[in-house]
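Q: Dropping the structure in here first, questions after.
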Amino acid sequence: MSTPEVLGPTLDVLADLAGSDRALEFAVGTGRVALPLAARGIPVSGVELSVPMLDRLRAKDGADALDLVEGDMARTRVDGEFTLVYLVYNTITNLLEQDEQVACFVNAARHLVPGGFFLIEVFVPDLQRLPPGETARPFHLSADHLGFDSYDLVNSRLTSHHYRPGRGTVVESHHRYAWPAEYDLMARIAGLEPHARWAGWDRSEFTADSRSHVSVWRRPT
């Protein structure tokens with residue numbers, strides 16, 4: 001996930017949207033994206049709920065250039081205004097209630113300068129590939145890792161199950177999924193307007209077969 005081949009297109013899109021102005025990352029984690037983006041000369045701030053992740057990030061080279069705030073991405077306010085607020089790699093789905101996701105959009109919008117952008121990267125629910133009557137799909141199968149997503153179709157929830165045979169460990173993560181149209185409505189509630197939607201960071205066309213999307217909304221001037 002941190003190789004130049006994977007991360008390079010991500011940084012290109014974020015840098016184009018931010019220009020030379022300030023960028024804010026929600027759920028900054030350990031700085032996989034924030035650190036190399038700041039290394040391109042863009043002032044980057046970050047919000048993160050996990051103190052251990054912030055501790056790991058602050059111990060890394062270049063972290064002194066970041067303005068880091070402990071807090072919830074749906075509510076925490078960072079000082080100042082930003083040309084870009086972004087949220088990558090499905091992290092919007094970690095908010096498990098629709099109201100929480102809407103609050104995240106509203107929080108992003110109030111950080112933006114007029115004309116500023118809010119970007120998310122997130123998967124498209126894999127429901128069209130579920131056989132009738134089934135609620136689980138494998139997403140990764142290898143000798144050292146088995147990954148399955150199980151869907152709660154009534155509550156728009158999914159649980160990712162990770163099993164590592166060699167270690168005998170099972171890890172679960174919980175998510176609330178949404179369709180692109182629902183994210184558009186969240187943006188509209190927050191006072192944002194559509195700007196772009198791509199199938200990936202290479203800015204390829206988003207189609208009915210796309211498995212994920214990078215979506216951008218803009219605060220009107």
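The values are calculated or read from the model by the stated rules, or taken from the named source; none is laboratory data. All values reported here derive from a predicted model rather than from experimental measurement. All Cβ positions, glycine included, derive from the backbone under ideal geometry; neighbour counts span all protein chains shown. These area figures cover heavy atoms from the full protein model, side chains too; ligands, DNA and RNA do not enter into them. Shrake-Rupley method; radii C 1.70, N 1.55, O 1.52, S 1.80 Å.
Q: Dividing the alpha-carbon radius of gyration of segment 20-157 by 2.2 N^0.38 Å (N being the number of residues), what value is obtained?
A: 1.21
Q: Based on Cβ point charges of +1 for Lys and Arg and -1 for Asp and Glu, what charge dipole magnitude is obtained for segment 125-176 about its Cα centre, in debye rounded to the nearest 20?
A: 80 debye
Q: Continuing with this model, one more query. With a cut-off of 8 Å between alpha carbons and a minimum separation of six or more residues, what is the relative contact order of segment 119-221 in percent?
A: Dividing the mean separation by the residue count of segment 119-221 yields 26 percent.
Q: Would you mind counting up the charge near Ser204? Only other residues with Cβ under 15 Å from its Cβ, with Lys and Arg at +1 and Asp and Glu at -1.
A: On the way: positive: Arg197, Arg203, Arg211; negative: Asp12, Glu121, Asp202, Glu205, Asp209.
Neighbourhood net charge equals -2.
Q: Counting Lys and Arg as +1 and Asp and Glu as -1, what is the net charge of the other residues whose Cβ lies under 13 Å from the Cβ of Gly80?
A: Combined, the nearby Lys, Arg, Asp and Glu give -1.
Q: If you don't mind, there's one more thing I want to ask. So if R0 is 45 Å, what FRET efficiency would Arg129 and Asp79 give, r being the distance between their Cβ atoms, rounded to the nearest 0.05? Walk me through the numbers on the way to the answer.
A: On the way: r = 44 Å, r/R0 = 0.99.
Calculated value: 0.50.
Q: Would you calculate, for the chain, the mean residue ellipticity at 222 nm contributed by helices, counting each DSSP H stretch of 4 or more residues as -39,500 (n - 2.57) and dividing by all residues, to the nearest 500?
A: -7000 deg cm²/dmol
Q: Sorted by average packing, counted as other Cβ atoms within 10 angstrom per residue and highest first, what order do 26-33, 67-74 take?
A: On the way: 26-33: 22.6, 67-74: 17.6.
So the peptides 26-33, 67-74, ranked by packing, come out 26-33, 67-74.
Q: To the nearest 20 debye, what charge dipole does the chain have about its Cα centre, counting +1 at the Cβ of each Lys and Arg and -1 at the Cβ of each Asp and Glu? Intermediate values should be presented prior to the final figure.
A: Numbers: 21 positive and 30 negative charges, 10 e Å.
It works out to roughly 40 debye.
Q: By the scheme Lys and Arg +1, Asp and Glu -1, what is the net charge of all other residues having a beta-carbon under 14 Å from that of Asp152?
A: So the surrounding residues net to -2.
Q: In addition: How do Ser150, Ser160 rank by accessible surface area computed with a 1.4 Å probe, from largest to smallest?
A: Ser150, Ser160
Q: Could you derive backbone 3J(HN,Hα) for segment 198-205 from the dihedral phi with the Karplus parameters 6.51, -1.76 and 1.60 (θ = phi - 60°), listing whole Hz in sequence and x where the residue is Gly or Pro?
A: Here the 3J(HN,Hα) series is 10, 6, x, 6, 7, 6, 6, 5 Hz.
Q: At what distance in nm do the modelled label points of Arg188 and Asp209 sit from each other, each positioned 7 Å from its Cα along Cα→Cβ?
A: 3.0 nm
Q: Expected output is a single nm value to one decimal: the length gained when fully extending between Arg167 and Ala143, i.e. 0.36 nm times separation in residues minus the C-alpha distance. What is it? Numbers along the way, then the final one.
A: Working: separation 24, 0.36 × 24 = 8.64 nm, distance 1.16 nm.
Contour length minus the Cα-Cα distance gives 7.5 nm.
Q: What list of ³J(HN,Hα) couplings, whole Hz, do you get for segment 3-10 from phi and the Karplus terms 6.51, -1.76, 1.60, once you set θ to phi - 60° and write x for glycine and proline?
A: Karplus-based 3J(HN,Hα) across segment 3-10 equals 6, x, 5, 7, 7, x, x, 4 Hz.
Q: R0 = 22 Å: FRET efficiency of Val154 with Trp179, Cβ-based, nearest 0.05?
A: On the way: r = 15 Å, r/R0 = 0.70.
In this case the efficiency is close to 0.90.
Q: Calculate log10 I(q)/I(0) of segment 79-145 for q = 0.18, 0.22, 0.24 Å⁻¹, where I(q) comes from the Debye formula with a single equal point scatterer on each Cα and nothing for solvent.
A: Taking Cα atoms of segment 79-145 as identical point scatterers yields -0.82, -1.00, -1.09.
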